[in-house]
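Everything on this sheet refers to the single structure shown next.
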Amino acid sequence: MTASRDAILKRVNDALAPLKERAPYPEFDDDVAVMPALDRNGDLWTAFCERAKLVHGTPLSGKPAVLADWLHGQNLHHGYCDPELLPLFGEALAAAGCAVETIFDRARVDEYQFGITRAEAAIAETGSLVLTDATTSSRLAALAPWTHVAVLKRGQIFADVADALKKMPVDPNVIWCTGPSRTADVEGILIEGVHGPGVQVAFLLE
């Protein structure tokens, strides 16, 4: 699989090589897609929580023990944790009976009940989380386990998509997660957790 991926990426890079410069990102008005009902002077985390719940997201906040207790309550006791987050969450997770690994073993993908990674940003207007390669220590750990926990701080919450895009770093892979993964067939039957996590947690570390 790795060889095939490398071959595909090489063809893409070879095709782009003759271009003298990349096309610039499009310009847009800040209010081109803004939800009028959003109170930008209010608490953005509260607004994010309201909208995240509307799309079946699970917002949580507090100290690391809050997350550890929630995982224990969901009977989730084995998962992955970003190595940079382990010093913050390790003691609380262990006390709650959660065993975590800092290397996601692809050969044992079905053994991981949850994955804890960092988020790049959160969008209050839509209840969305933003993941990037730069901040996601293991993309597979964010997408393969049924439960994914994205950890963020208040400074990473933006009012709307326009505000977030202004601060977004240049990154080869940006994923916008609005609630759990979902799909619907031609009969309109919504199924969650098909192409990614069935439970998407946004954890505000306070």
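The accessible surface of the range 41-205, taken with every protein chain in place and a 1.4 Å probe, is 55 percent carbon and sulfur. Taking the average, over residues, of other Cβ atoms within 10 Å as the packing measure, peptides 129-136, 197-204, 91-98 rank 197-204, 129-136, 91-98 from highest down. For Ala95, neighbours were defined as the other residues whose beta-carbon sits under 13 Å from its Cβ, and their charges (Lys and Arg +1, Asp and Glu -1) total -1. Relative to one another, the C-alpha centroids of the range 165-206 and the range 1-18 are positioned 27 Å apart. For the chain, a crude dipole built from +1 on the beta carbon of Lys and Arg and -1 on the beta carbon of Asp and Glu, taken about the Cα centre, is about 400 debye to the nearest 20. Selection among Phe48, Ser138, Ala150 by position relative to the dipole of the range 41-205 gives Phe48 as farthest towards the positive end (Cβ unit charges, Cα centre). 3J(HN,Hα) along the range 134-146: 5, 9, 9, 5, 9, 5, 5, 5, 8, 10, 7, x, 4 Hz, from the Karplus curve 6.51 cos²θ - 1.76 cosθ + 1.60 with θ = phi - 60°, whole Hz, x for Gly and Pro. Other residues within the sphere of radius under 15 Å centred on the Cβ of Ala65, judged by their own Cβ, net out at -2 (K and R +1, D and E -1). Computed from backbone phi, the HN-Hα couplings of the range 161-175 come to 4, 4, 5, 5, 4, 5, 9, 6, x, 6, 9, x, 9, 10, 10 Hz, rounded to whole numbers (Karplus: 6.51 cos²θ - 1.76 cosθ + 1.60, θ = phi - 60°; Gly and Pro given as x). Non-local lysine pairs in the chain, meaning eight or more places apart or on different chains, with alpha-carbon distances under 20 Å, amount to 5.
The values are calculated or read from the model by the stated rules, or taken from the named source; none is laboratory data. All values reported here derive from a predicted model rather than from experimental measurement. Please note: Cβ atoms are built from the backbone with ideal geometry, for glycine as well, and neighbour counts cover all protein chains shown. For the accessible areas, the whole protein counts, side chains as well, though only heavy atoms, and no ligand, DNA or RNA atoms are used. Shrake-Rupley method; radii C 1.70, N 1.55, O 1.52, S 1.80 Å.
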